[in-house]
Amino acid sequence: MTKLLCLIALLLLAGALQAQTFLVSSRNTHSVKRYDLGGNYLGDFVMPGSGGLSFPQEVVWHPDGFLLVTGRGNTAVLKYDGMTGDFIGHFTSGYSLDNPTKTSIWQDSLLYVSQWGVTQNKVARFDLKTGVFVDEFTSTGVPNGCGHAWDDDGNLLVAQYGNGVNGKVWKFGPDGNYLGDFVSSAQLQGPVNLWFDETGALFVADWTLGSVLKFDGSSGAFAAQPVSGLNNVEGYAFDNSGRLYLCDWTANKVFRFDFSTGALTPFITTGGLAAPNSILIRPEASATTQAKEGRPALNVSPNPASGPLRISCFLEKTSHVRLDVLDVSGRQVAAVFSGKQGPGEHDYSWNAPDTEGMRAAPGVYFIRLTTEHAVTTRAFVLQ
């Protein structure tokens with residue numbers, strides 16, 4: 001069963017490759033760069049220093065269609081227009097962040113933010129809709145804290161870089177209480193990101209080792225080292241074919257790893273990247289823009305949803321229609337509808353069963369509408 005196992009960065013995926021772009025944070029140019037699906041440079045999406053952006057750390061797609069960016073030199077999470085990259089303002093409020101690093105969204109519809117600060121380094125939470133500060137979630141600080149992942153029991157795992165040699169993975173209960181080390185510094189040196197796969201295995205990107213290591217998701221026991229040979233690995237993303245993209249901080253490149261073949265190849269090598277440390281995949285145009293261009297409009301409600309999800313779309317002309325639910329890695333969770341539809345408004349309902357008939361886990365998902373004329377996606381939160 002495909003489940004939502006990792007949310008450290010929120011990846012917006014569309015079904016057609018030509019509708020997607022990569023957004024990559026370029027730490028040392030204080031910008032976010034944009035690339036097509038062939039890895040070709042398209043220009044800066046967030047211009048250098050826009051809105052005071054300083055040493056960006058994480059790019060996250062918000063379910064409402066805008067971009068969130070954290071920066072080590074900023075005290076708030078910054079908000080940018082999802083279509084133009086223009087600065088909108090500070091997203092978070094009511095709490096001054098101390099060197100914010102990695103950011104993720106969980107099933108409680110809250111934004112989690114790690115902090116690199118010396119004295120202020122607990123994982124902070126903010127309301128996903130308003131950006132208002134909720135609390136410092138972790139019972140203790142995580143010095144030089146980075147990426148997040150949740151296990152099936154709702155425990156929060158946090159990658160702690162430490163000094164780059166003594167890093168480890170910390171474990172916190174659903175109430176934020178510290179439960180001890182999940183993976184110790186005997187196995188890691190400078191972990192910065194982590195995620196679970198569909199089997200429940202834990203993967204950790206270690207900056208110092210330049211590797212991705214695999215651990216048992218229940219015990220934390222070392223299992224394998226599927227990726228090695230990078231200089232300093234940090235940001236990651238998956239495309240809808242399951243291929244893994246990894247930012248190499250020192251090489252100033254993004255590499256692509258194929259799990260089926262074990263091949264690791266350079267993918268993004270141009271555009272003046274300087275210390276890339278976060279990457280996501282996003283669509284080129286929103287459903288609203290597509291509707292204005294005469295292409296299908298797609299809407300979902302309520303959002304967040306705790307019960308049945310209502311899906312509506314408008315077709316300009318008769319077309320074969322396919323509606324799918326995807327997780328943040330682009331894997332299919334459920335097929336909602338497939339068939340021919342005439343022009344006009346059409347409504348569908350999804351009550352959260354996945355492909356095996358089980359209820360999908362809470363988290364962030366995407367509805368993908370595929371017609372003969374276009375592909376459109378909408379993000380939503382399942383509670």
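A few notes on this one:
- Selection of first residues in the stretch 118-144 that are at positive phi and of second residues that are of a type outside the set (A, V, I, L, M, F, W, C) and in a loop (DSSP other than H, G, I, E, B), restricted to Cβ pairs under 6 Å at least 6 apart or on distinct chains, gives the following pairs, ordered by first then second residue: Gly131/Thr92; Asn144/Tyr161; Asn144/Gly162.
Results for (1) closer than 22 Å to Val233 by Cβ; (2) crowded, with 17+ Cβ neighbours inside 10 Å, shown as yes or no for each residue.
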site: Phe45; (1), (2): no, yes
site: Trp61; (1), (2): yes, yes
site: Val69; (1), (2): yes, yes
site: Asn74; (1), (2): no, yes
site: Lys79; (1), (2): no, yes
site: Ser93; (1), (2): no, no
site: Leu97; (1), (2): no, yes
site: Trp106; (1), (2): no, yes
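- Selection count, the stretch 231-244, where residues are surrounded by 22 or more Cβ atoms within 10 Å (Cβ to Cβ) and farther than 18 Å from Thr103 by Cβ: 1
- Of the listed requirements (1) over 17 Å from the mean Cα position of the chain (by Cα); (2) touching a residue at least 60 places away in the same chain (Cβ under 8 Å), Gly229 misses just one: (2).
- Candidate set from the stretch 253-296 (those that are modelled with pLDDT under 90, polar (S, T, N, Q) and buried (at least 17 other Cβ atoms within 10 Å of the Cβ)); member that is nearest to Glu198 (Cα to Cα): Ser286
- Of the residues making up the stretch 168-186, those that are touching a residue at least 24 places away in the same chain (Cβ under 8 Å) and buried (at least 18 other Cβ atoms within 10 Å of the Cβ) are Val169, Trp170, Phe172, Phe182, Val183.
- Checked against the criterion of being more than 28 Å from Gly363 (Cα to Cα) and touching a Ser or Thr at 6+ places or on another chain (Cβ under 7 Å), the candidates Ser228, Ser185 yield just one match: Ser228.
- Within the stretch 41-84, the set of residues being modelled with pLDDT of 95 or more, more than 22 Å from Trp249 (Cβ to Cβ) and either among the β-branched types (Val, Ile, Thr) or in a loop (DSSP other than H, G, I, E, B) (or both) comprises Thr75, Ala76.
- Selection of first residues in the stretch 190-204 that are in a loop (DSSP other than H, G, I, E, B) and of second residues that are not charged (D, E, K, R), restricted to Cβ pairs under 6 Å at least 6 apart or on distinct chains, gives the following pairs, ordered by first then second residue: Gly190/Tyr161; Gly190/Gly164; Gly190/Gly167; Gly190/Trp207; Gly190/Thr208; Glu198/Thr2; Gly200/Gly217; Ala201/Gly217.
- Restricting the stretch 145-167 to residues that are in a loop (DSSP other than H, G, I, E, B) and surrounded by 22 or more Cβ atoms within 10 Å (Cβ to Cβ), the residue that is farthest from the chain's Cα centre (by Cα): Gly167
- The stretch 16-40, subset out of contact with any Asp or Glu (no Cβ under 6 Å at 6 or more places or on another chain) and more than 30 Å from Asp324 (Cα to Cα), residue surrounded by the fewest Cβ atoms within 10 Å (Cβ to Cβ): Asn28
- Scan of the stretch 108-117 for residues that are crowded, with 23+ Cβ neighbours inside 10 Å and either under 19 Å from Ser54 (Cβ atoms) or touching a residue at least 60 places away in the same chain (Cβ under 8 Å) (or both), ordered by number: Val113, Ser114, Gln115
- Residue match in the stretch 349-356 (condition: assigned to a strand (DSSP E or B) and either surrounded by 21 or more Cβ atoms within 10 Å (Cβ to Cβ) or at pLDDT below 80 (or both)): yes
- Unmet requirement for Phe172, which otherwise passes all of (1) at positive phi; (2) in contact with a Leu (Cβ under 7 Å, 6 or more places away or on another chain): (1)
- Among the residues making up the stretch 85-110, those that are at pLDDT 95 or above and assigned to a strand (DSSP E or B) are Phe87, Ile88, Gly89, His90, Ser93, Pro100, Thr101, Lys102.
- Scanning the stretch 259-281 for residues that are farther than 15 Å from Phe203 by Cβ and not in a loop (DSSP other than H, G, I, E, B) returns Ala263, Thr265, Pro266, Phe267, Ile268, Pro276, Asn277, Ser278, Ile279, Leu280, Ile281.
- Lone unmet requirement of (1) touching a Ser or Thr at 6+ places or on another chain (Cβ under 6 Å); (2) at pLDDT 75 or above for Glu372: (2)
- Hits in the stretch 1-40 (condition: modelled with pLDDT of 95 or more and of a type in the set (Asp, Glu)): none
The values are calculated or read from the model by the stated rules, or taken from the named source; none is laboratory data. Owing to the predicted nature of the structure, the values given are computational and were not obtained by experimental measurement. When we count neighbours, we look across all protein chains shown, and the Cβ atoms used for this are built from the backbone with ideal geometry, even at glycine.
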